[in-house]
Amino acid sequence: MHNALRTVARRAALIPVLCLAPALVPVLSLMSAHADEGDASASATTEYHTSVIAEGLTHPWSLAFLPDGRMLVTERVGRLRLIDPQDGVRDAPVSGVPAVFASGQAGLKDVVLAPDFADTGELYLTYSCGTARANGLCLARARWQDDALQDVQTLFSARPTKRGDAHYGGRIAFLPDDTLVLTLGDGFDYREAAQDMESHLGKTVRLNRDGSIPADNPFVGHDKALPEIYTLGHRNVQGIAFDDRSQRLYAHEHGPRGGDELNLLEPGKNYGWPLVTHGKDYTGARITPYTTLPGFEPPLVDWTPSIAPAGMTQYRGDLFPQWDGNLLVAALAGKRVHRVVLSEDGAQDVESLFAEINARFRDVRTGPDGAVYLLTDSPDGRLLRITPDKP
């Protein structure tokens, strides 16, 4: 059946791809905009206060919080920035970052501290590596010492390499068994590879922290299947979060025109791209006639029209107790952060937030102080801190 569906899905793809100032300046008080005014959980308006922690960042992509209160921010152009919330961005970028292929959507992506970072100083980076003719996503491990990256090792390189500079995925989530899951995009022009078990494109992979393959991965020992594959059938996963209370792994991905998805990731499952989707091609042509098929996992949430989901966090903190356990999903095209309520039965997008900022949101994180931190996607990107508006 897959061969026949591949024929249906095979269409020509188009590629419509496209001085630092520290501050802690309150800029405005924000009101939430509701995604569904008829939903009771979206009916209570909340007031917010936003402060600018840093600006002048070049397409910032990801944010991590150091134990000493400082922050690391990746810039897509290949720089890692160290930010002090009191003094702003250090002038010189962090040294030791691996060579990055930066073009279009390609560049430096996630930065994530290891769960035992306080003891080991270990952190992980994802980035586009290679050349315009042959590139892919790489995963590196490094040690943080003296405000620099030391002992940098490349642990994983996606294969096969591809041309172009779109759809890399690049998000990391640690699991309780000390393994990590890494998301990989379909490369845009290579979408049928998302169903090819001998390709990393359009997959998530699960690795041990040293880059080796866990023996209990779902496809270990299967003929013509890469043993690191954890899930398949993805387009471009740019948000992932593990809920340590429910022990569930959530991820969202970009659809084409429509068909953005929030999914519950389970080992060995197939999420359908490009054989099953609610989206259409950028030409307006149908990619597939199917929105559901046996053997493919349906999304928990479908965003049609597209919101272009980017980063994602599960909120755990004291400042916004009404959001506890909710997913906050950054949106680029929608210029919102979507609040998604999880339940045993699924998930529901109940509210859109921070529209007044009028920015493309690349990442959203829960800070150790319970505040919500946002990265805006532009050549003059900002790091923002959101707190409740005090009466």
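Residues that are polar (S, T, N, Q) and in a strand (DSSP E or B) occur at least once in segment 300-317.
Every condition in (1) touching a Lys or Arg at 6+ places or on another chain (Cβ under 9 Å); (2) modelled with pLDDT under 95; (3) among the charged types (D, E, K, R) holds for Arg133 except the one numbered (2). Of the residues making up segment 20-37, not a single one is modelled with pLDDT of 95 or more and among the aliphatic types (A, V, I, L, M). Residues of segment 187-214 that are among the β-branched types (Val, Ile, Thr) and under 12 Å from His167 (Cα atoms): none at all. Taken as a whole, segment 215-228 holds no residue that is surrounded by fewer than 16 Cβ atoms within 10 Å (Cβ to Cβ), more than 17 Å from the chain's Cα centre (by Cα), among the acidic types (Asp, Glu) and within 24 Å of Pro98 (Cα to Cα).
Condition check ((1) among the hydroxyl-bearing types (Ser, Thr, Tyr); (2) closer than 22 Å to Gln86 by Cα; (3) surrounded by 19 or more Cβ atoms within 10 Å (Cβ to Cβ)) across all residues:
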residue: Asp302; (1), (2), (3): no, no, no
residue: Leu319; (1), (2), (3): no, yes, no
residue: Glu351; (1), (2), (3): no, no, yes
residue: Thr376; (1), (2), (3): yes, yes, yes
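Across segment 284-300, what is the total count of residues that are loosely packed, with under 13 Cβ neighbours inside 10 Å and under 20 Å from His252 (Cβ atoms)?
Of the residues in segment 284-300, 1 are loosely packed, with under 13 Cβ neighbours inside 10 Å and under 20 Å from His252 (Cβ atoms).
Restricting the first member to segment 102-116 and to residues that are farther than 14 Å from Thr58 by Cβ, and the second to residues that are among the basic types (Lys, Arg), the beta-carbon pairs closer than 6 Å and six or more apart or on different chains are Asp110/Arg171.
Among the residues of this structure, Gly202 counts as one that is within 22 Å of Gly311 (Cβ to Cβ), among the small types (Gly, Ala, Ser) and in contact with a Lys or Arg (Cβ under 8 Å, 6 or more places away or on another chain). How about segment 350-364: which of its residues are over 21 Å from Glu47 (Cβ atoms) and outside any loop (DSSP other than H, G, I, E, B)? Correct list: Arg362, Asp363. For first residues located in segment 175-197 and within 17 Å of Glu122 (Cα to Cα), partners that are charged (D, E, K, R) and lie 6+ apart or on another chain with Cβ distances below 7 Å form the pairs Pro176/Asp244; Asp178/Arg209; Thr179/Arg206; Leu180/Arg209; Val181/Arg206.
Residue selection: Ala251 satisfies the criterion of being of a type in the set (A, V, I, L, M), closer than 25 Å to Thr161 by Cα and surrounded by 24 or more Cβ atoms within 10 Å (Cβ to Cβ). Counting the residues of segment 85-137 that are outside any loop (DSSP other than H, G, I, E, B) and not charged (D, E, K, R) gives 22. Restricting segment 353-374 to residues that are within 26 Å of Leu300 (Cβ to Cβ) and aliphatic (A, V, I, L, M), which is surrounded by the fewest Cβ atoms within 10 Å (Cβ to Cβ)? Ranking the candidates gives Ala355 first. Scanning segment 199-214 for residues that are surrounded by fewer than 22 Cβ atoms within 10 Å (Cβ to Cβ) and among the hydroxyl-bearing types (Ser, Thr, Tyr) turns up just one, Ser212. Within the option set Leu262, Leu293, being aliphatic (A, V, I, L, M) and under 26 Å from Thr366 (Cβ atoms) holds for one residue only, Leu262.
In contact with a Pro (Cβ under 6 Å, 6 or more places away or on another chain) and either surrounded by fewer than 16 Cβ atoms within 10 Å (Cβ to Cβ) or not in a loop (DSSP other than H, G, I, E, B) (or both): is that true of Ala140 in this structure? Talk me through it step by step, then tell me what you get.
Numbers: in contact with a Pro (Cβ under 6 Å, 6 or more places away or on another chain): yes; either surrounded by fewer than 16 Cβ atoms within 10 Å (Cβ to Cβ) or not in a loop (DSSP other than H, G, I, E, B) (or both): yes.
So Ala140 fits the description; yes.
How many residues does segment 143-160 hold that are of a type outside the set (A, V, I, L, M, F, W, C), under 21 Å from the mean Cα position of the chain (by Cα) and not in a strand (DSSP E or B)? Outline the logic, then answer.
Filtering segment 143-160 down to residues of a type outside the set (A, V, I, L, M, F, W, C) leaves 143, 145-147, 150-151, 153-154, 157, 159-160.
Then keep just the ones that are under 21 Å from the mean Cα position of the chain (by Cα); that gives 154, 157, 159.
If we keep only those that are not in a strand (DSSP E or B) too, we end up with 159.
Here the count works out to 1.
Somewhere in segment 331-348, is a residue buried (at least 19 other Cβ atoms within 10 Å of the Cβ) and touching a Pro at 6+ places or on another chain (Cβ under 7 Å)? Scanning segment 331-348 turns up at least one residue that is buried (at least 19 other Cβ atoms within 10 Å of the Cβ) and touching a Pro at 6+ places or on another chain (Cβ under 7 Å). Of all residues in segment 64-84, those satisfying the criterion of being part of a strand (DSSP E or B) and touching a Phe, Trp or Tyr at 6+ places or on another chain (Cβ under 6 Å) are Met71, Thr74. Among the residues making up segment 188-219, those that are within 21 Å of Lys280 (Cα to Cα) and among the charged types (D, E, K, R) are Asp189, Arg191, Glu192, Lys203.
The values are calculated or read from the model by the stated rules, or taken from the named source; none is laboratory data. The structure displayed is predicted, hence computed values, not measured ones. Cβ coordinates were reconstructed from backbone atoms using ideal geometry, including for glycine residues, and neighbour counts include every protein chain displayed.
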